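Every number here is computed from the coordinates shown, using simple stated rules; none is lab data. Since we're looking at a predicted model, the values are computed, not measured. So basically every Cβ, Gly included, is an ideal-geometry build from the backbone, and we count neighbours across all protein chains shown.
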Amino acid sequence: MSDKANYRVSLVKTRNPDGEGIKDAVFEAIDLCDFKWDSKAKKVVIKPNLCYYWDSSTGETTDKRVVAAVIDFVRERISPDCEISIVETDASAMKIKYAYRMLGYEDLAEEKHITLVNGSKEDIMEKEACVNGKSCRLRFPTSLFNSDLIINVPKLKVGPFASGKALHITCALKNLYGCIAVPKKVVYHSNIDEVIVAVNKMVKPHLTLVDGIVAKGKHPCKLNLIMAGTNGVCVDYVASQIMGYNPFNVSHLRLAIKEGVTNFNGVKVVGEKLEEFRKEFPKVNNFMFKWSWKLQFSLLNLYAKITGDTIPPAVE
Amino acid sequence: MRRLLRLGVLGLGKMGVLHLRNSRHLPNARVISVADASKRALKRARKFGIKETYLDYRDLLERSDVDAVIITLPNFLHKESIFATAETGRHIFVEKPLALSSKDCRDIRLKVESCGVHLMVGHNYRFFECVQKVKKLYDEGVVGDVEIATLELVLNGPFAPSVRPVPVSEWYFDKEKLGMGCLDSGVHLIDLFQWFFGAPSVLFASLGYRFNLPYEDSVVAVLQSKTHKTRGVINVGWFSKMIFPRFDFRIILHGTNGFISTDHFVPQNLYLHAMKEASKNLVRRLLGGRLHPLTYTYYYASYYEEIRHFCKAIEEDRKPEVGAKDAETIANTIEQIYRIAQVQANHLKE
């Protein structure tokens, strides 16, 4: 890591994830990452990763206990009177009103007196950014820009992007893609890297707190990790190394650095050692994933075309 | 030359499209008309060569020249569509569950009997190759008397994602319309239990609500056959991120002479199995033979087999397997499960 590193990313291992451990780890991680907040902040938006109806134990969605700890941090350290909202949008195959219910966020909202926002249904505003010399116009829920503080709470995972045509890390930068109000985000899949970077030029979280309690690579894995940083690019730089990728080979991260989403000058990792988590993370073979997926579909379609056999609904 | 059986499909959701596609391979039947409230779905059906399409299934029943219909409408529309179909004298294949209550099942049974039409409920698990092998061994007495059986089916229910992302239909979140939670899948296990051991009574039941839905997402129940001594543990859930081609289903029979499991007859390597079965079909095609649809998936093939069975039964004018009476027994068992689970939950609270 560079000596001139201008951002810190903290790594904290949760010792007792079933008890108070998550809260302690979240507080410690935030304290370590040099997060400076505006004590006058009144409106706080939290953006978790609720991409589908999967339980957080699958490594796919943000654990509500992590979000609960973030809410506690805001109330205890910033102001007990903050108006806190969780903002997430509908996706191509998921309706957020049901994900909030199924993943326990409705109960959380009642318990912590916060608001759940369906970003696809509330007031929308359009923003524009330039990526790779091309203009990109996207629609966002207004509440994102009416807040004093945005906290991004992504999951640490590797997932297929763009209908399974490619494999990417999903952490700080990709999670903000979920801020796009349009439910059918599948339309952006053909140029997803540019869209992720465009979103990150428009939406600027003040803090990123990563849920790595259960991370997902080749399979889910209890990493019991909480990461925090004030710069999404730097968080993804460290996250990609934990997941076994060279950060400069992660296309959207490389593009974000090239496009100047942040003044990137290396990262200082504080807290636990990165290597400990890298050893535990179940790495995915990118090449194998991409080719096995493509090969399976090509063979299936060819077979169905020749024989006239039926393709099951799940893979149609 | 024998006349082809003319079929109509009511409802073109996932199951409707699957049956429509499979029907192209039936030796004695063809789908000639379809009905769905969505114009887009009808447009898709026309691409399959279906000329008669209707936005209202009643129009299909009135105008189309079909001999039998396949009903794949949402659960809450089963009863009314079966009544309407039976009154026109058409035979019926309906997706499970037959209806939302045992009373509705009974009404349907009386209706189809009075109209003199055949009805089959889509319990495709009876047509799994691995299930049929276990049933055969059980019937032959290979495991002796079965004292304990375990029947398991854990999947993601309506929340299964597909390659083409489409939101889960709203009615799946509405208990009134769905009629039940994961027991919507559990009906298969209850059906298999009664197929093997006769009608059951419920000894114990416990329901889980991990996902805060208005219905259960996991069930553990203990059944006892009314005619045998066999007790069966039913484990069913809609909580698992089970993605195709993985499939968490099994039956284990523990008998006085050993045990057998469907796992013994499931391909260990699904990809290798797919290649093998696809190769066989390619050869069949090259030699001008008839295709064995979906055998490469091993479990989707059962959907073809059940429709083939239905069409054959109609052609021979005999009762198909899994009729309204069986479905009524299943619905009774489900109602018992809910009752007993409630009593036990109350008991635990005390």
- prompt: For A:HIS113, B:HIS264, B:HIS25, B:HIS254, what ranking results if the residue with the fewest other Cβ atoms within 10 Å of its Cβ goes first?
  reply: A:HIS113, B:HIS264, B:HIS254, B:HIS25
message: Report, to one decimal in Å, the Kirkwood hydrodynamic radius for chain B based on all distinct Cα pairs.
response: 21.2 Å
task: Based on other C-beta atoms within 10 Å, arrange A:MET243, B:MET15 from fewest to most.
output: B:MET15, A:MET243
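With +1 on each Lys and Arg Cβ and -1 on each Asp and Glu Cβ, and nothing else charged, work out how big the dipole of chain A is about its Cα centre, in Debye to the nearest 20.
Dipole size: approximately 980 debye.
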- request: Have a look at A:THR14, B:GLY16, B:HIS78 and report the one farthest towards the positive end of the charge dipole of the protein assembly as shown, computed about the Cα centre with Cβ charges (Lys/Arg +1, Asp/Glu -1).
  value: B:GLY16
task: Please label the shape of the range A:7-284 as rounded, prolate or oblate, based on the square roots a ≥ b ≥ c of the eigenvalues of the alpha-carbon gyration tensor (a/c under 1.5 means rounded; beyond that, a/b larger than b/c means prolate, else oblate).
output: rounded
query: Straight-line reach from B:LYS276: which lysines have Cα under 22 Å away, leaving out those fewer than 8 places along the same chain?
result: A:LYS294, A:LYS305, B:LYS133
- request: Over the residues of the range B:63-184, compute the C-alpha Rg and express it relative to 2.2 N^0.38 Å.
  value: 1.30
- line: Contact order relative to length for chain A, counting C-alpha pairs under 8 Å separated by 6 or more residues, stands in percent at 24 percent
query: Which net charge results for the neighbourhood of A:LYS283, defined as the other residues with beta-carbon distances under 12 angstrom from its beta-carbon, given Lys and Arg at +1 and Asp and Glu at -1?
result: +3
- request: Would you work out the charge dipole size for the protein assembly as shown about its Cα centre, treating the Cβ of every Lys and Arg as +1 and the Cβ of every Asp and Glu as -1, and quote it to the nearest 20 debye?
  value: 2300 debye
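Arrange the following residues from fewest to most other Cβ atoms within 10 Å of their Cβ: A:LYS36, A:LYS283.
Details: A:LYS36 8, A:LYS283 13.
Listing A:LYS36, A:LYS283 from fewest to most nearby Cβ atoms yields A:LYS36, A:LYS283.
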- prompt: Quick one: helix A:21-32 against the long Cα principal axis of chain A, what's the angle to the nearest 10°, folded into 0 to 90?
  reply: 70 degrees
task: Could you work out how far helix B:78-87 tilts from the main Cα principal axis of chain B, as a 0 to 90 degree angle to the nearest 10?
output: 50 degrees
message: For the pairs A:LYS222/A:LYS273; B:LYS96/B:LYS312; A:LYS47/A:LYS201; A:LYS36/A:LYS283; B:LYS103/B:LYS312, flag any whose C-alpha to C-alpha distance is greater than 23 Å.
response: A:LYS36/A:LYS283; B:LYS103/B:LYS312
statement: Between the alpha carbon centres of the range B:252-286 and the range B:328-350 the gap in Å comes to 36 Å
- line: Rounded to a whole number, the mean other protein chain Cβ count within 10 angstrom for residues of B:169-180 is 1
- request: Please average, across the residues of A:88-97, the number of beta carbons from any other chain that are within 10 Å of each residue's own beta carbon, and give a whole number.
  value: 3
- request: On a 0 to 90° scale, report how tilted helix A:192-202 is relative to the longest principal axis of chain A, with both axes built from alpha carbons and the result rounded to the nearest 10.
  value: 20 degrees
- prompt: What ranking do B:152-161, B:70-79 get when scored by the average of other Cβ atoms within 10 Å per residue, highest first?
  reply: B:70-79, B:152-161
- prompt: Tally Lys/Arg at +1 and Asp/Glu at -1 over every other residue whose Cβ is under 13 Å from the Cβ of B:ARG290; what's the total?
  reply: +4
field: Shielding by other protein chains, B:199-211, mean Cβ within 10 Å
entry: 1
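Shape of the protein assembly as shown from its Cα gyration tensor (a ≥ b ≥ c, root eigenvalues): rounded if a/c is under 1.5, otherwise prolate when a/b > b/c, or oblate?
It comes out prolate by the Cα gyration axes.
With a ≥ b ≥ c taken as the square roots of the eigenvalues of the C-alpha gyration tensor of the range A:205-264, please select rounded if a/c is under 1.5 and otherwise prolate if a/b is larger than b/c or oblate if it is not?
In terms of gyration-tensor shape, oblate.
Below 9 angstrom from the Cβ of B:HIS118, what's the summed charge of the other residues (Lys, Arg +1; Asp, Glu -1)?
Within the 9 Å Cβ shell, the charges total +1.
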